[in-house]
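Peer 1: Dropping the structure in here first, questions after.
Bear in mind that the values in this text are calculations on the coordinates, not laboratory data. Quick caveat: nothing in here was measured; it's all calculated off a predicted structure. Don't worry about glycine lacking a Cβ; one is built from the backbone with ideal geometry, like all the others, and counts go over all protein chains shown.
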Amino acid sequence: MARKSFVIGKTYRVTWKDHFSDSSWKDEKEIQEWVDKSKKEPCVTIGEAVYQDQDVLVLSATEDGSGNRGDLMGIYKNHIVKKQLVEL
């Protein structure tokens with residue numbers, strides 16, 4: 001899979017696949033049903049691209065007015081399935 005590139009300072013809506021877990025006991029049929037359901041539930045994050053390297057994109061949802069960023073989300077680029085530029 002090709003690495004995705006983002007423009008720092010632009011706002012994106014990023015759809016990505018997360019890991020999933022469950023601590024309950026399940027039989028073989030329930031495990032398969034759980035995996036099938038969990039694989040279909042991607043995550044969505046909206047934020048300004050503030051950092052990226054070859055493997056990771058970091059989005060920020062807030063700024064304090066002096067350039068400091070908060071509400072950071074780091075997403076592995078190989079987990080991203082869709083990116084959309086958000087026009088503000």
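Peer 1: What pairs from K10/K40; K10/K37; K39/K83 go past 21 Å between their alpha carbons?
Peer 2: K10/K40; K10/K37
Peer 1: Give, as a single signed number, the net charge of other residues whose beta carbon lies under 12 Å from the beta carbon of K82, with Lys and Arg counted +1 and Asp and Glu -1.
Peer 2: So the surrounding residues net to +4.
Peer 1: Can you pull the percent of Cα pairs in the stretch 11-85 with separation above 17 Å?
Peer 2: 54
Peer 1: May I pose another question? Only helical DSSP H runs with n ≥ 4 go in: add -39500 (n - 2.57) per run for the chain, normalise by residue count and round the 222 nm mean residue ellipticity to 500 deg cm²/dmol.
Peer 2: Mean residue ellipticity, 222 nm, calculated: -4000 deg cm²/dmol.
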